[in-house]
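Report on the structure given below.
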Amino acid sequence: MSEHDQTHENLGNGNPGQERPIWYKPDGCIPYPVSFERKIFRTNTVALTVSHIAAFPNGFEITLTIAASPERKDFLRTFGMEQAKGRSESAGPPASLRIGVAFPDGNSATTADPYPPLDSDSDPPSSLIIEDGSAGANRLLNQRYWIWPLPPDGRVRLLIEWPAENLGPSVVDIEAEEIVKAARQAVDPWR
C-alpha cells in the first residue's frame, strides 16, 4: 500500500483526535457537479477526457476517463491493475501521465509535486492536485484527482500530458465561477 493510500485510509476512517489538514477533501460531504465544456483528446491507441468535475466546500475533484483501442488488451496493466472477479484496483496512474492545474492567480500544481505534510500544524501548500482513486474494467478507466483550493475569479486551466501514449500537452479551461458556484451547493448532511 502506498503512502498516499495509507493517508487516505487513515484520514478516511476519521481517527479520533486526528484533525484533517485544511487542504484535504471533506469526509462525508456530497459534492455538486460543475458545468464545463468537455473535450476529447485521442491518439491511435487511447482517448481521454475530463468527464466529470465535482465541487466541494474547499476544492474540487476531476474524473479523467481513459478509453483504450480494442488492440490494447494490456491497457489496465499500464495502470498497475489486474482484473479479478469483475473488480479492478489500481496502484495509480503511470508516472508518464501528468496532470497539472493552473489557477487564475498564478498558483499551480502537478501530479509530480510531493505529497504535502499531513500534520495540521504545517503550512498548507498554495495549491495541490493529488490522485484520489480509480476504477476500471477491460479498456476503460476512471481516474479521480483532488484539487485544492477553490479558485479565485478567472479561468482554471487543466493540462494533461501522456508522453508514453504520444499525447502532447492538452488543455481544458474551466470558468472558476462555475466551480465556486457549485461548491456553494455541496452539502455535508451530518452537520
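Rule-based calculations on the coordinates, nothing more; no lab input. As the structure is a prediction and not an experimental result, all values here were calculated from the model. Here the Cβ positions follow ideal geometry from the backbone for every residue, glycine too, while neighbour counts run over all protein chains shown.
For Ser69 and Glu19, the difference between the fully extended length at 0.36 nm per residue and the C-alpha to C-alpha distance is 13.6 nm. Ordering 145-151, 121-127 by mean Cβ neighbour count within 10 Å, with the highest value first, yields 145-151, 121-127. Summing Lys and Arg as +1 and Asp and Glu as -1 over all other residues whose Cβ lies under 14 Å from the Cβ of Asp121 gives a net charge of -2. Using the Cβ-Cβ distance between Ile30 and Asn166 with R0 = 22 Å, the FRET efficiency computed as 1/(1 + (r/R0)^6) comes to roughly 0.05. Highest-first packing order for the peptide set 35-44, 48-57, 158-167 is 48-57, 158-167, 35-44, based on the mean count of other beta carbon atoms within 10 Å.
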